[in-house]
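The values are calculated or read from the model by the stated rules, or taken from the named source; none is laboratory data. Note that the structure is a prediction, hence the values are computed from the model and not measured. For neighbour counting, all protein chains shown are included, and Cβ atoms are generated from backbone atoms with ideal geometry for every residue, glycine included. Remember, those area values only see protein heavy atoms, side chains included, never the ligands or the DNA or RNA. Shrake-Rupley method; radii C 1.70, N 1.55, O 1.52, S 1.80 Å.
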Amino acid sequence: MTGVGNTEAGRPRLSAGVAALIGVLALLAALAAGHLAAGFVDKGASPYVAVGNAAVDLTPGWLKDFAIATFGTYDKLAVLVGMAIVLLALGALAGLASRRRPTPGTVVATVLGLVGAAAVLSRPDLGRLAVIAPVVSLAMGVVAFRGLHALAWKAVTADGEPEGMSRRGFVRASTGVAVGAGVAGVAGQLLANRIDVEGSRSAIGELTPRVPASPIPPGADFAAQGTTRFVTSNRDFYRIDTALSVPRVRAQEWALRIHGMVDRELTLRFEDIRNRPLVARHITLSCVSNEVGGDLVSTAEFVGVPLRDLLQEAGVRTGADQVFSTSVDGFTAGTPVADVLDRGLLAIGMNGEPLPVEHGFPARMVVPGLYGYVSATKWLVDLELTRFDLKQGYWIPRGWSAIAPVKTQSRIDTPASSETVGSGRVTVAGTAWAMPRGIARVEVRADGGPWQQAEPAAEVNIDCWRMWRITLDLSPGRHTVECRATDRVGYTQTDQRVPPAPDGATGWDSVTFTVSG
Ligand SMILES: Nc1nc2c(c(=O)[nH]1)N[C@H]1C(S)=C(S)[C@@H](COP(=O)(O)O)O[C@H]1N2
Ligand SMILES: [Mo]
């Protein structure tokens, strides 16, 4: 190996490459050791995961919106990759700062370890014991850094040994650290995933509703013309949450506590829920971050128990106006009691299966007509009856509105933007939603001309979206079409464009395409 060290004006120092390598290896060793230790306590205690979660929690609303707009459902991957890049750069810099003495790198390793510990301690869902993981990480970082540094230093100064031998010692040690970090990282991941949530999920079996959902009439979508399907498959259902790693809760261990301003506190196990009379309902769920024309909106058949039944059993005290729901990972949402009593569902099934793990297994809330961040808590474990002036859900201090009914909205699914379509008769089709008011009509106009009423698809219920289509005679060339919906209360979508923050986007969707000659 060449360039382990060089001497400049008689003062020995490590070569830049070796110095950076030591920093990077020590960093990997630290992260992997922390990940492995977390495998034994709680996977969220991994310093990498905890710092990522803390970063997500510290993200202001506008930045979260930017992340969702830019990376869509890959926002979490973006956080993890971004963190990896920053950390590797820090490791390399710490190494480079330590070409003569190991002190700078030791300080960086210690500071990073302390940041990890702070992140773990700040997580509402982790116990005190979890701090073991970042402490192990810190210790490993310092030991690996100083150990590798000492070996490399020996090779530079060739202290007492033939130089070739010290170099071999360093190469062997670095390889060992790299392999060890890899093994520890994988082992930590396997340990973290040992909770067999898929096994628990498949053991649930059929969830048969006592009250089935009304069947979907034929013609509820115009998928043949290019609209999205009426029921979104579980695979395609949009996913938005703050969880960097999906919480793994087995149904056997799950329980829901209902407390606060109630007459009787309740604790319900999964079996208690599934043995109740279950209802099935088609519901369209929308994210507040959905831009005009966006696809953070999906529909599923949810199976569960009306939250009204549970809340009445607990006895809601007068004065309670907020149902404050908490997820196993610490996410919280505040929902008006009136909406929960009116149409809230504690869902355990989705499209004929137990809830998928990413969508909240074993149980979540769904309240049609409210954006997800104020109503749709996944991996739900706690419902507290309280007041809006006493407690704020996760996104409220981050700049989002505490009260967030879904705004009447419509979207053009076909033609696609910039598409070239064949003949002069063009089918424009899409979807519109205004839960729980329902869609009365959708209008379309081309190139700023008169509004024309689109043909609505069969209405399934007012808690779901409604598809529409219209055929337009268009001359060859470029055209822009817009759509606007009117809900059953008589409100027509405003053309005024506002961004998603703080309580949902408005404006008309518009698509520009070309009709070929
Ligand atoms: N535990 C938890 N539940 C959550 C969230 C979250 O971050 N954590 N996000 C909410 C938001 S913002 C939305 S839009 C919906 C999305 O539900 P889905 O991922 O099943 O589509 O979940 C809600 N429930
Ligand atoms: Mo959301």
Convex hull of Cα atoms in the chain, direction-averaged projection (nm²):
30.0 nm²
When only the heavy atoms of the protein chains count and the probe is 1.4 Å, how do Lys154, Lys407, Lys64 rank by accessible area, highest first?
Lys154, Lys407, Lys64
Taking 8 Å as the Cα distance limit and 6 or more residues as the minimum spacing, I'd like the relative contact order of segment 391-464 as a percentage.
25 percent
Quick one: angle between helix 16-41 and the longest Cα principal axis of the chain, in degrees between 0 and 90, rounded to 10, please.
60 degrees
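Based on the alpha-carbon gyration tensor of segment 58-143, what equivalent-ellipsoid semi-axes (square roots of 5 times the eigenvalues) come out, in whole Å, largest first? Don't skip to the end; give the middle numbers.
Values: eigenvalues 157, 77, 17 Å².
Semi-axes (√(5λ), whole Å): 28, 20, 9.
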With only Lys, Arg, Asp and Glu charged, each at its Cβ (+1 for the first two, -1 for the last two), find how big the charge dipole of segment 186-248 is about the Cα centre; round to the nearest 20 debye.
80 debye
Taking the Cα centre of the chain as origin, sum charge times position over the Cβ atoms of Lys and Arg (+1) and Asp and Glu (-1), and report the length of that vector in debye to the nearest 20.
1480 debye
If every alpha-carbon in segment 274-328 counts as one equal scatterer, what log10 I(q)/I(0) does Debye give at q = 0.15, 0.16, 0.22, 0.27 1/Å?
-0.71, -0.78, -1.03, -1.08
For the chain, please report how many Lys pairs fall under 26 Å Cα to Cα, leaving out neighbours fewer than 8 apart on the same chain.
11
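Filter the GluC sites (Glu not before Pro) in segment 339-430 down to the DSSP loop ones having no more than 15 other Cβ atoms within 10 Å, then list what survives. All intermediate terms of the calculation are to be shown ahead of the outcome.
Details: sites: Glu358, Glu384, Glu419; in loops: Glu419.
In loop regions of segment 339-430 (DSSP not H, G, I, E or B), the sparsely surrounded GluC sites (Glu not before Pro) are Glu419.
Quick one: with all protein chains in place, what share of the accessible area of the chain is carbon or sulfur, to the nearest percent (1.4 Å probe)? Don't skip to the answer; put the middle values down first.
On the way: 12730 of 22000 Å².
Roughly 58 percent of what the probe reaches on the chain is carbon or sulfur.
Quick one: divide the alpha-carbon radius of gyration of segment 204-301 by 2.2 N^0.38 Å and tell me what you get. Don't jump to the answer; show the numbers that get you there.
On the way: Rg = 17.6 Å, N = 98, 2.2 N^0.38 = 12.6 Å.
That works out to 1.40 for segment 204-301.
Starting from the Cα-Cα distance between Ala338 and Glu459, subtract it from 0.36 nm times their residue separation and give me the gain in nm to one decimal. Each step should come with its number before you reach the end.
On the way: separation 121, 0.36 × 121 = 43.56 nm, distance 2.53 nm.
So the chain would gain 41.0 nm between Ala338 and Glu459.
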In whole Å, how far is the Cα centre of segment 291-331 from that of segment 483-517?
27 Å
Tilt, helix 75-96 to longest principal axis of the chain (alpha-carbon atoms), in degrees rounded to tens, equals 20 degrees
Which listed residue (Gln225, Ser286, Gln312) has the Cα farthest towards the positive end of the charge dipole for the chain, taking +1 on Lys and Arg C-beta and -1 on Asp and Glu C-beta about the Cα centre?
Ser286
For segment 329-488, the dipole about the Cα centre with charges only on Cβ (Lys and Arg +1, Asp and Glu -1), to the nearest 20 debye, works out at 300 debye
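Can you give me the relative contact order of segment 385-517 as a percent, contacts being Cα pairs under 8 Å and 6 or more apart?
Details: 314 pairs, mean separation 41.5, N = 133.
Once normalised by length, the contact order is 31 percent.
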Quick check: the angle from helix 103-122's long axis to the longest principal axis of the chain, C-alpha only, nearest 10 degrees?
30 degrees
Percent of Cα-Cα pairs per 5 Å bin, from 0 to the last occupied bin, for segment 325-438, please list those.
2, 10, 17, 18, 15, 12, 8, 7, 5, 4, 2, 1, 0
Calculate, for Arg101 and Leu80, the FRET efficiency according to 1/(1 + (r/R0)^6) with r their C-beta to C-beta distance and R0 30 Å; round to the nearest 0.05.
0.35
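For the chain, what's the relative contact order in percent, using C-alpha pairs closer than 8 Å and at least 6 residues apart?
On the way: 1165 pairs, mean separation 71.5, N = 517.
Relative contact order comes out at 14 percent.
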Out of Thr332, Tyr48, Pro354, whose Cα points farthest toward the positive end of the dipole of the chain (charges: +1 Lys, Arg; -1 Asp, Glu; placed on Cβ)?
Tyr48
Mean residue ellipticity at 222 nm from the helices of the chain, using -39,500 (n - 2.57) per DSSP H segment of n ≥ 4 over the full residue count, to the nearest 500 deg cm²/dmol?
-11000 deg cm²/dmol
So for each of 191-198, 44-51 I average, over its residues, the number of other beta carbons within 10 Å; can you give me the resulting order with the highest mean first?
44-51, 191-198
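When a/c reaches 1.5 or more, the comparison of a/b and b/c decides; with that in mind, is segment 189-233 rounded, prolate or oblate per its Cα gyration tensor? Each step should come with its number before you reach the end.
On the way: a/c = 6.41, a/b = 1.83, b/c = 3.50.
It is oblate, given that a/c is not under 1.5 and a/b is not larger than b/c.
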May I ask what percent, to the nearest 5, of DSSP beta bridges between residues of the chain are antiparallel?
90 percent
